[in-house]
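Step one of this worksheet: look at the structure below.
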Amino acid sequence: MDAVENDAVTRRDLSPRIGSEVILSKEALLSGVYAEQLREMLSQRGVLVVRGAFFDDAEQQAFTKTLGTPMAQTERDEVMKISMDTRVHASAEFQRGNVLWHIDMLSAETPNFASILSPRVLSDEGGETDFASTYAAWDDLPEDEKRAYEGLRVIHSLEASQLMVNPEPSLAKLQFWRDVSPPREHPLVWAHASGRKSLVLGASAYYVIGKSVEESRQILTRLREWTTQPQYSYRHEWQLGDLLIWDNTGTMHRVLPFPLESGRLMSRTAIEGEEPVA
Ligand SMILES: [Fe+2]
């Protein structure tokens, strides 16, 4: 696809509706000079990729600060280690749900605006990350469906997504999920302050309020299938040195399965949410 000059930043679109590669050096990224342009591109393109950045954790944190307010992800750190190996990370068990399409932090009223990911160890097979634009998917929905879905509200919970990777939990485990992450109600259609709209979907979507179990499942399955069509999706094949930024408020994502013994390890930072789902 054609290279696009956006003032000083060169952008190369990776697919028509989602995903762009941005050509910037590590120094340019860290300078903060391009932060406003990057934020604008992020909102328009959903996913930005920089190849060859080779950020360490401290540099990734410094870059994150240029884009917004960094989010504390654990009690101690702004950098979260993403691994599915329980020996590496206490919450690795939860992270096994990352193979399901989801939006991060829907347990909160205001989910994080963006996430920033760079690999430390990659798996030889699998481990690609898929993204789907919930803005583009909404824009293209037939008008009669838009009318049917607007105004609907959905319960999201950790329980919903964990049940898909652990379908027969103990009662204690079920209670634990509920205690650590109580259910949260969100509109199915997010009317952003910008005037754009996006779908609020993913594995955390438990049921549509006021609909039967079957009808809920029908709506949520229909919309996941619609949103994850190739024309709204981008699959990222990781290389060491990559820096990837995604707009968590306008995309869903998932990781493709990979061997747990590969040691795949990513560093993640995030930018605090700037508007509640409404
Ligand atoms: Fe995630």
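Please treat every number below as a calculation from the coordinates, not as lab data. This one's a predicted model, so the numbers in the text were calculated from it and none came from an experiment. FYI the Cβ positions are ideal-geometry reconstructions off the backbone, even for glycines, and counts take in every protein chain you see.
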Quick one: which of 266-274, 230-238 comes out on top by average Cβ neighbours within 10 Å, and what's the full order, highest first? 266-274, 230-238
If the cut-off is a Cα-Cα distance under 28 Å, which lysines reach Lys146, setting aside same-chain residues fewer than 8 apart in sequence? Lys197, Lys211
Treating cross-link reach as a plain straight distance, find the lysines whose alpha-carbon is under 19 Å from the alpha-carbon of Lys26, omitting any fewer than eight places away in the same chain. Lys65
Quick one: Glu185, Glu168, fewest Cβ neighbours within 10 Å first, how do they rank? Glu168, Glu185
Compare the peptides 198-207, 245-254 by average per-residue count of other Cβ atoms within 10 angstrom and give them in order, highest first. 245-254, 198-207
Can you tell me, using C-alpha contacts under 8 Å and at least 6 residues apart, the relative contact order of the chain as a whole percent? 35 percent
Eigenvalues of the alpha-carbon gyration tensor of the chain, times 5 and square-rooted, give semi-axes in Å, largest first, of 29, 24, 17
Work out the FRET efficiency for Arg147 and Leu174 from their Cβ-Cβ distance, taking R0 = 45 Å, and round it to the nearest 0.05. 0.75
Which residues in region 243-278 place their backbone N less than 11 Å from a point set 7 Å from the Cα of Met164 along the Cα-to-Cβ direction? 253-255
Per DSSP, the loop-located GluC sites (Glu not before Pro) within region 113-174 having at most 14 other beta carbons within 10 Å are Glu125, Glu150
How far is it, in nm, from the label point at Arg217 to the one at Gln37 when both lie 7 Å from their Cα along the line to the Cβ? 5.0 nm
